[in-house]
Each structure stands twice: as structure tokens, then as C-alpha cells.
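In what follows, a single structure is set out as C-alpha cells and then discussed.
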Amino acid sequence: MGEEQFSDVEHEIIVLYAIWDMIDEMVNFSMFEKLHGTVDTNVMFTTSKHAQLFNVLLTDFLSAPSPIYRGGPLPFGLPNAPQGAKGSERSFLFYLNGVAQAPNFKGNVALLRDTVDSFKQWLDAECIVKDVWFGEVDVKVDVQATRFSLLKICGNIAKHNFSRLERNVIEIRRIFQRNAVELNEQQVILMLPTFYEWFHRDFFIYHSSTIAEYLNNIRWAIYSYLQPEFARSYVPPSGGDPRYSYSYPSSCVQPIARGMYWDLMNHLIRKPYFPKFSVSPSFKAQY
């Protein structure tokens, strides 16, 4: 993956396949209970462990791809986010936004562009959680931070123990400094369980329906955008041969990109199994 040259079309295929796959892992009927409606509704996690898993998987989605070797290039020759990028620009949404702004296929990309823009703005918005009490350090404070930052910290706490949370400890200290509270590293480590209690079991759970709605809308927008490409590419069975095939784009030549293209087209044979839904405004009014 370091020596091969990937075309723009192959980059787009890799990005769309990766994002669809990640959303499938998060928004499904194993993670969530069956919907009781699709308008002004909410989604409920199957168990508390599914909520924790969703938060961990979301943190991966809200992170940038990592090089195989430290300091090396990103896999598949993907570009790095701009230097100094913050928030959602340091996530897979950066690459999806690139697809939406400069698509390589002929489908209507407007829905995808609008959905990505809305999710990015929602994640990067500052929110205030009032009167958060941290008994370990005897501090009560209104915590102001971006939703992106709080969601990622919660996911990392769910994923790792304190010994692997150095960057998050630094980020939490910065959040408290912005809120006029000075804490040292040991104090932050002591309060990690309480931080998780407040911002996973309250903040994250409250917003989980909205996050699932955004992710599901992205999946449906990709489905809509790629329909013309599926119609062009699909070669139905003929002559007694039950096998179907796909006609690859001319610049899709790398074996791994072709494999991902095939799987991506297979997603388009039928509509996404998780229906479109809209979350009740009562689950969007806080934070």
C-alpha cells in the first residue's frame, strides 16, 4: 500500500466503502432495538454494552486514518488533513466531505454534501453542560466544549484504561482551563470515572439518537449518490450462467480497490435495511 499509486476514483471507492462499513457496524438492529416509528422518534440501545460499543466505534469514525508506520504515509495514498485542522476535519468526515465536494461518479451528490455539512456543524458546535460535579477533586463547573471533543473523550475512556489516555488527559485539562479551572494530571486521572459517568451515560446517551440519525442519513445519501454508477456497472446473469458481475471504472485497477468496489456495488443491490428516521426535537434541545 506504500508503493502503489491510487487514482482519484480508487480513493473515492476506498473512502465510501470504509465509511459505509463503519456505519453498518454502528447503526443496525443488533445495536438498536426495533424502531416503533420513523418520524419524531428515538432509537434505544439493545443493552448498555451496545451503547459502550457504539461510543467506541463512533470514536474510530471520528478519528483520522493512521499510517502503518509512525511518520509514514497514510494507507492507499490518502491525503492528510490540512495542518492545524480541528474537530471534524480530523475524522473520516474530512474524506467524505472531499467526495461530496469533488465527486468522481455521475450521481447527484447534493444530499450527501448537505448531510455531511450538517453533521460536521453539529459536531463542531460548542455546548455547555451545567453544574457538573467532580467529587474526587471537589470541583463543580459548567463544562463548555465541542460535541466532537466530548464524544471522542468518552469513547476513548470506554476503550482504554487510564494508562493509555495521555492525550485525553491533556484535552480534559485544556477543557477545564477554558472553563477557568486548573487541574493537574493526577487530578484528571482521578476524575476520569466521574467524567465518563457524566458525559457517556448522560451527554452521549442523550445524543445517541441524533448521532444515529446523521450516520443513517449518510448511508442513505451514499446509496442515492451511487445509484447511477450501479446502473452503469451491473451486468446481470445471462446465457444460463447464474453469476452477475460489475463493469469496473476504467481507472479502478488496483486489486484492493476493485474488491472494495465490488462489495460497495453489492450494498446497492437493495435499499439499506435500516429505514430512514427522524429524531424527535425533544432529543435535540439540550447540550
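The values are calculated or read from the model by the stated rules, or taken from the named source; none is laboratory data. Every value quoted in this text rests on a predicted model; they were computed, and no experiment measured them. We place every Cβ from the backbone using ideal geometry, glycine too, and count neighbours over all the protein chains shown. Protein only, heavy atoms only, side chains kept; ligands, DNA and RNA dropped before computing areas. Shrake-Rupley method; radii C 1.70, N 1.55, O 1.52, S 1.80 Å.
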Cβ crowding within 10 Å averaged over residues, with 105-118, 16-29 ranked highest first
16-29, 105-118
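Leaving out ligands, DNA and RNA, and with a 1.4 Å probe, what % of the accessible surface on the range 1-145 is carbon or sulfur? Show your work: numbers first, answer last.
Working: 3790 of 7490 Å².
Solvent-exposed carbon and sulfur of the range 1-145 make up 51 percent of the total.
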If you roll a 1.4 angstrom probe over the protein chains with everything in place, what fraction of the accessible area of the range 244-287 belongs to carbon and sulfur, to the nearest %?
57
With label points built 7 Å along Cα→Cβ from the Cα atoms of GLU89 and THR46, find their separation and express it in nm.
3.9
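Over 19 Å between Cα atoms, which of LYS120/LYS159; LYS49/LYS152; LYS86/LYS120; LYS120/LYS284 qualify?
Numbers: LYS120/LYS159 23 Å; LYS49/LYS152 17 Å; LYS86/LYS120 11 Å; LYS120/LYS284 16 Å.
The answer is LYS120/LYS159.
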R0 = 41 Å: FRET efficiency of ARG167 with VAL235, Cβ-based, nearest 0.05?
0.30
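Grab the Cα-Cα distance for ARG243 and TYR69, subtract it from 0.36 nm times how many residues apart they are, and report the gain in nm with one decimal.
Details: separation 174, 0.36 × 174 = 62.64 nm, distance 4.01 nm.
Length difference between fully extended and current span is 58.6 nm.
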ASN80 versus ALA102: modelled label distance in nm, points set 7 Å from Cα along the beta carbon direction:
1.8
Report, in degrees rounded to the nearest 10, the 0 to 90 angle that the Cα long axis of helix 92-101 makes with the longest principal axis of the chain.
50
Kindly write out, for the range 49-54 in residue order, the coupling ³J(HN,Hα) from the Karplus curve 6.51 cos²θ - 1.76 cosθ + 1.60 (θ = phi - 60°), rounded to whole Hz, with x marking Gly and Pro.
5, 5, 4, 5, 4, 4
Ranking GLN186, PHE148, TRP198 by how far each Cα lies towards the positive end of the charge dipole of the range 141-233 (+1 on Lys and Arg Cβ, -1 on Asp and Glu Cβ), the top one is PHE148
ARG270 versus GLU33, label points 7 Å from Cα toward the beta carbon: distance in nm?
2.5
Kirkwood Rh in Å, taken over all unlike Cα pairs in the chain:
20.7
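Could you size up the charge dipole of the chain around its Cα centre, putting +1 on the beta carbon of Lys and Arg and -1 on that of Asp and Glu, and report it in debye to the nearest 20?
280
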As a test of the formula, what do you get for the chain when each DSSP H run with n ≥ 4 contributes -39,500 (n - 2.57) and the sum is divided by the residue count, at 222 nm and rounded to the nearest 500 deg cm²/dmol?
-16000 deg cm²/dmol
At 1.4 Å probe size, with every protein chain present, just tell me what the per residue accessible area of the chain comes to in Å².
51
